[in-house]
């Protein structure tokens, strides 16, 4: 999983079928879609207005934008933090569109690396169109995103342009290093959870970048940028860790994690105990891992003390960062809280 903000995908919002939980999930999704809809529309128009003569490639691009890309959480966060420091969120739509496309490229390329044919119960571009078309579709999104970013930055004061480009460069270098480290852990059942948490922290730098860009566009000072940047980092980490828990509940996803990636974080904690590891490996080395096996794994993992500690730390981190955001006006503060609340609900 990448930058993507696949961490803000429908799976990110997956809750138990409880009315209160559904309300939090639905409100968060509505918020993300509302704040990101204009940027997504710009991004979609920018790509689909191109004359792409080869039908299958055009279909792959259209499929991702209409069927996979459920919204634009990247631009939603930029919009939110821009308004948090008194800026006009409408000023973020174009750069939001650029981020949508760049992140889409990262999503597609990441699915190729992970051999992920299905995500959130839907075929990925890789799963539907194959490796070659997926790679090229990702390239189209990347190049178009960079062109839009260039056009947007030309209109900015030099200081803002340089700051945004520096943030973008730094965060994607961190992401690339994190992804390379993660790829090197494929099939490794001896990873220490701290090592994997460090990778998650690096990957979350992209979400921090989105938050910081919004502050820069909104004219916020460095102190506010640092606080809201930390908010973004926290949101990113919690979102990724939540996906790690969700992957434990989805048979197809956990099978793919075991075969093509590294085990989910909660499972890594359980694997630290030699006796429990033997039980887990007995399940995972079966020719076919069935739903009943997944439930057994979940029961084992839920009893691990370090997993329970992790859940407590996640909840504490929400209040810790929100306590630093008291300068934000109430309506925007409520939106900041809503996104964080969705990451820890039902844990």
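Here, each number is a calculation from the coordinates, and none is a lab measurement. Just so it is clear, the model here is predicted, and its values are computed rather than measured. No Cβ is skipped: glycine too gets one built from the backbone with ideal geometry, and neighbour counts run over all protein chains shown.
For helix 131-154, what angle does its Cα long axis make with the longest principal axis of the chain, in degrees from 0 to 90 and rounded to 10? Result, in degrees: 40. Mean projected area of the convex hull spanned by the Cα atoms of the stretch 96-135, taken over all viewing directions: 2.8 nm². Sorted ascending by nearby beta carbons within 10 Å, beginning with the fewest, 262, 82 become 262, 82. Between 138, 187, 220, the residue with the greatest mean-square fluctuation in the GNM of the chain (Cα pairs under 10 Å linked by springs) is 187.
Principal-axis analysis of the Cα atoms of the chain puts helix 305-322 at an angle of about 20° to the longest axis.
Between the helical axis of 274-284 and the longest alpha-carbon principal axis of the chain there is an angle of about 80 degrees. The label-point distance for residue 41 and residue 252, in a model that sets each label 7 Å from Cα toward Cβ, rounds to 3.2 nm.
Here the stretch 257-347 is described by how far its Cα atoms reach on the three principal axes: 55, 23, 21 Å, from widest to narrowest. Here the label points at residue 324 and residue 53, each 7 Å from Cα along the C-beta direction, are separated by 5.4 nm in the simple model.
Reported to two decimal places, what Rg/Rh ratio describes the stretch 127-269 when computed on Cα atoms with Rh from the Kirkwood expression?
On the way: Rg = 17.8 Å, Rh = 17.2 Å.
Radius of gyration relative to Kirkwood radius: 1.03.
Going 7 Å from the Cα of residue 279 toward and past its Cβ, which residues in the stretch 182-196 have a backbone nitrogen under 19 Å from where you end up? The answer is 190.
Pulled fully out, how much extra length does the chain show between residue 165 and residue 309, if you take 0.36 nm times their separation in residues and subtract their Cα-Cα distance? Spell out each step's value before the answer.
On the way: separation 144, 0.36 × 144 = 51.84 nm, distance 3.76 nm.
Difference between extended and current length: 48.1 nm.
Principal axis analysis of the Cα atoms in the stretch 51-164 yields extents of 44, 29, 23 Å, listed in decreasing size.
Work out how much length residue 132 to residue 302 would gain on full extension: take 0.36 nm times their residue separation and subtract the Cα-Cα distance, in nm to one decimal. List each step's numbers first, then the result.
On the way: separation 170, 0.36 × 170 = 61.20 nm, distance 4.02 nm.
That works out to 57.2 nm of additional length.
Shown is the FRET efficiency for residue 347 and residue 139, computed with R0 = 45 Å from the Cβ-Cβ distance and rounded to the nearest 0.05: 0.75. GNM remark for the chain: springs join alpha carbons under 10 Å apart, and the peak mean-square fluctuation among 154, 194, 255 falls on 154. D by Stokes-Einstein for the stretch 6-344, Kirkwood Rh over Cα pairs, 25 °C, 0.890 mPa s: 119 µm²/s.
Two decimals, Cα atoms only, Kirkwood Rh: what is Rg/Rh over the stretch 102-206? Walk me through the numbers before you get to the answer.
Details: Rg = 16.3 Å, Rh = 15.6 Å.
Over the Cα atoms of the stretch 102-206, Rg/Rh equals 1.05.
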